[in-house]
Amino acid sequence: MRKDVRILLVGEPKVGKTSLIMSLVSEEFPDEVPLRAEEITIPADVTPERVPTHIVDYSEAEQSDEQLYQEISKANVICIVYSVNNKKSIEKVTSHWIPLINDRTDKDSRVPLILVGNKSDLVEHSSMETILPIMNQYQDIETCVECSAKNLKNISELFYYAQKAVLHPTGPLYCPEEKELKTSCIKSLTRIFKVSDLDNDGILNDNELNFFQRTCFNTPLAPQALEDVKNVVRRNMTDGVKNNGLTLKGFLFLHTLFIQRGRHETTWTVLRRFGYDDDLELTQDYLFPMIKMPPDCTTELNHNAYLFLQSVFDKHDKDRDCALSPEEVKDLFKVFPYMPWGPDVNNTVCTNEQGWITYQGYLSQWTLTTYLDVQRSLEYLGYLGYSIIYEQESQAAAITVTRNKRIDLQKKQTQRSVFRCNVLGALGSGKSGFLQAFLDKNLQQQRKIREDRKSFYAISTTYVYGQEKYLLLHEVMPDFDFLSEADLACDVVCLVYDVNNTRSFEYCAKVYKQYFIDSKTPCMVIATKSDLPEVRQHHSLSPHDFCRKHKLHPPQPFTCNMTEAPNKDIYTRLTTMAMYPHSRLRCMCACNRCTYCLCLNLLKLDLLRSVKAKLHRVVYSSSSTPPSTLYRLAQGSVTQISASLCQLTPRLPERCSCTCVWLPLFLFLLHVFTLC
């Protein structure tokens, strides 16, 4: 709503412009009337709409045409005053004043006009018969008021209507000639109806109507009042009420009725509560609320945001198959002015066998948008009405800004839920296949993807030690000479090479040595197309020797050329490395299902640490040799044995099914033996 209202009074000399202003201020007719009244400001607390109002007088005798033009350009509403007992002043309304005002204002933003018939105390008849044709001819005329400055008739009403014409204009809402709502108004009210229809059944039931009423007017409707509203609709149209609920047609009819009865403020209150401005466009403040984004921080959706998005998904998943069909997606985005998701989304998140976005994929896409472009995510949440349904100040309440990554590294723990992995590799090394395999698509399914629908992103969930996390894979175009900050800013790096291409690993080695050798970002080397024969790479060091030299994990074999969905353990390892960049994993499994991971979790239990401390004290009190010395010796043995076994691990074809079974058991038993 506007911060203030500026009212300009114009008209022929001696029609009573100045008298109207002075009668309003002093509440009595002045004995002496000056040629022009000074500008008057009425405080907000004494106006009906609680908005400061400036009233400006015009005098042909004291002001030039240029001054008049300046006042017209500054005015929010113009009152054209005529005398009801002076036909010439009435004729001047159409022959002089309206054309003059229209010439000095932009056609797309015309100022509302109010016709004011003063000196009604001097005649017994009304001038409305003469004025009505003028009102029908000019759409900019909001209303006509007959008043008398002498006996104070309709003086307050005049300025109230002038204020109302600015704050609650008829023009954007209603077409008097057609006697129906304008297209832009119907579009806005339709979105409001769909947002308020919480179960998406096309009807506003009593609970939804009460929620709508409380949201817009801060008070619920009594049961009888609800019935009265529905009865009014029933009497005027057949399909306005269905199953004792209000349909979209009934909802639009009610607002048409409000406007026809002069209650524009009701419709405007609704529109403004849902974020619309005077031009029936969603305001920038509503769509893009301020959110502080410190450097080296990321943005994520919080718990309430996911609950809201879940409810949106549920109400549009009509067939309850936990996936959104193309028709259901269109229905979901009907409250948007455009389709926000392109065809590449189906190759960015998980889909079902029919290629429809699953529930997990739906949440993943929202997570991706929030991470990459939080302003876009705020805009989308605004269209869906998050702040209204969840009764928040703005949709910024749905966003969590994570703490600085350097603090996470210092504390060696993170509270983030989304981790970014940049995938780098030479052309044809299998980066796209690696991304699509994360979405459970094997090579045969990937070949069906059209070129114009490919995506450079893939996002889905993984589980690290029982915690659900999002891993965002980003395929970086192979341009060794220039890698931008965005290409380097990530939580983990994936260097991909083709085992069947002799020149493929060379790119990975160069990129690592130039950009990541001194970086704290963990790196993993992926040997793709491992189902093909491995050839010698044209590099001074083999991939295994290169990784050993730079203290990287050995190259991880990977292929998506299989009949079933590709194995996803490698993505869990990437997420684990992103979560714990400070620690070097002894095993590359991190699947949280094998014996190694279960024993590792057991060793981290606080209970076991407590028992260890108690045993430590017992042994210390009953032994001449300090147990710390024994413990260090035993731990040294464990470290040496585990390091040796981990070096053998890459050479074993099924390391997670064999090594990870007996190695952790051995370590665990040796650890318990050390304690005892």
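Using only Cα atoms, what is the ratio of the radius of gyration of the chain to 2.2 N^0.38 Å?
1.40
Subtracting the Cα-Cα distance from 0.36 nm times the residue separation, let me have the gained length for Arg450 to Gln413 in nm, one decimal.
Roughly 9.2 nm would be gained on extension.
If the viscosity is 1.002 mPa s and the temperature 20 °C, what Stokes-Einstein diffusion coefficient in µm²/s follows for region 445-574 when Rh is the Kirkwood radius over Cα pairs?
Details: Rh = 16.2 Å.
Reported coefficient: 132 µm²/s.
For region 241-363, what is Rg from Cα atoms divided by 2.2 N^0.38 Å, rounded to two decimals?
With N residues counted in region 241-363, Rg over 2.2 N^0.38 Å equals 1.38.
You can think of it this way: the chain between Lys3 and Glu265 has 92.7 nm of extra reach, that is 0.36 nm per residue less the Cα-Cα gap. Coupling constants for region 213-218 follow from the phi torsions by the Karplus curve (6.51 cos²θ - 1.76 cosθ + 1.60, θ = phi - 60°), and in residue order they are 5, 5, 5, 8, 10, 6 Hz; glycine and proline get x.
Taking only the C-alpha atoms, wrap a convex hull around region 1-121 and report its volume per residue in Å³ as a whole number.
113
The orientation-averaged projection of the convex hull spanning the C-alpha atoms of region 498-567 amounts to 5.1 square nanometres.
When restricted to Cα atoms, region 329-372 yields an Rg and a Dmax of 10.5, 30 Å, respectively. Using a simple spin-label model with pseudo-atoms 7 Å out from Cα toward Cβ, Asn236 and Thr183 lie 2.4 nm apart.
For q values of 0.16 Å⁻¹, compute log₁₀ I(q)/I(0) with the Debye formula on a Cα-only model of region 118-267, without solvent. Summing over Cα pairs of region 118-267 leads to -0.95.
The distance from the alpha carbon centre of region 243-266 to that of region 359-386 is 32 Å, rounded to a whole number. Which of rounded, prolate or oblate describes region 166-216 when judged by the alpha-carbon gyration tensor and an a/c cut-off of 1.5? Prolate, since a/c reaches 1.5 and a/b exceeds b/c.
Assuming 0.36 nm per residue, please report the length gained on full extension of the stretch Arg536 to Lys568 beyond their Cα-Cα distance. That pair, Arg536 and Lys568, stretches by 8.8 nm at full extension. Of the trypsin sites (Lys or Arg not before Pro) found in region 186-267, those that fall in a DSSP loop while having at most 14 other beta-carbon atoms within 10 Å are Arg261, Arg263. Once you reduce region 42-78 and region 107-166 to the center of their Cα atoms, the two points are 16 Å from each other. Here the contact order of region 311-456, divided by its residue count and restricted to Cα pairs under 8 Å and six or more residues apart, works out to 24 percent. Computed from backbone phi, the HN-Hα couplings of region 532-538 come to 9, x, 7, 10, 6, 7, 7 Hz, rounded to whole numbers (Karplus: 6.51 cos²θ - 1.76 cosθ + 1.60, θ = phi - 60°; Gly and Pro given as x). Restricting the GluC sites (Glu not before Pro) of region 492-590 to loop positions (DSSP other than H, G, I, E, B) with no more than 10 neighbouring Cβ atoms within 10 Å leaves Glu564.
Ratio of Rg to Rh for region 413-461: 1.03 [Cα atoms; Kirkwood radius as inverse mean 1/r over pairs]. The GluC sites (Glu not before Pro) of region 363-452 meeting both criteria, a DSSP state outside H, G, I, E and B (loop) and at most 16 other C-beta atoms within 10 angstrom of the site's C-beta, are Glu391, Glu393. The listed residues Lys107, Lys334, Lys510 rank as Lys107, Lys334, Lys510 when sorted by accessible area, largest first, using a 1.4 Å probe. With each label modelled as a point 7 angstrom along the Cα→C-beta vector, the Tyr306-Val123 pair spans 7.2 nm. Accessible surface calculations at 1.4 Å, restricted to protein heavy atoms, place the chain at 51 Å² per residue.
Keeping the other protein chains in place, figure out the carbon and sulfur percent of the accessible area of region 1-43, with a 1.4 Å probe.
Carbon and sulfur together cover 48 percent of it.
The simple spin-label model puts a point 7 Å past each Cα toward its Cβ; for Asp228 and Met293 those points are separated by 5.0 nm.
How much FRET efficiency would the formula 1/(1 + (r/R0)^6) give for Ile40 and Leu100, where r is the Cβ-Cβ distance and R0 is 22 Å, rounded to 0.05? Spell out each step's value before the answer.
Working: r = 24 Å, r/R0 = 1.08.
Once rounded, the FRET efficiency stands at 0.40.
The Cα atoms of region 292-412 define a convex hull whose projected area, averaged across directions, is 8.7 nm².
Relative to one another, the C-alpha centroids of region 477-551 and region 397-472 are positioned 18 Å apart.
Among Lys469, Lys318, the sequence by solvent-accessible area, most first, with a 1.4 Å probe is Lys318, Lys469. When the alpha carbon gyration tensor of region 354-459 is reduced to an equivalent ellipsoid, the three semi-axes, largest first, read 30, 22, 11 Å. Computing FRET efficiency as 1/(1 + (r/R0)^6) for Lys520 and Lys318, where r is the C-beta to C-beta distance and R0 is 41 Å, gives about 0.25.
The values are calculated or read from the model by the stated rules, or taken from the named source; none is laboratory data. Computed from a predicted model, the values in this text were never measured in an experiment. Note that we place each Cβ from the backbone using ideal geometry, even for glycine, and neighbour counts take in every protein chain shown. What goes into the accessible areas is simple: the full protein's heavy atoms, side chains included, and nothing from ligands, DNA or RNA. Shrake-Rupley method; radii C 1.70, N 1.55, O 1.52, S 1.80 Å.
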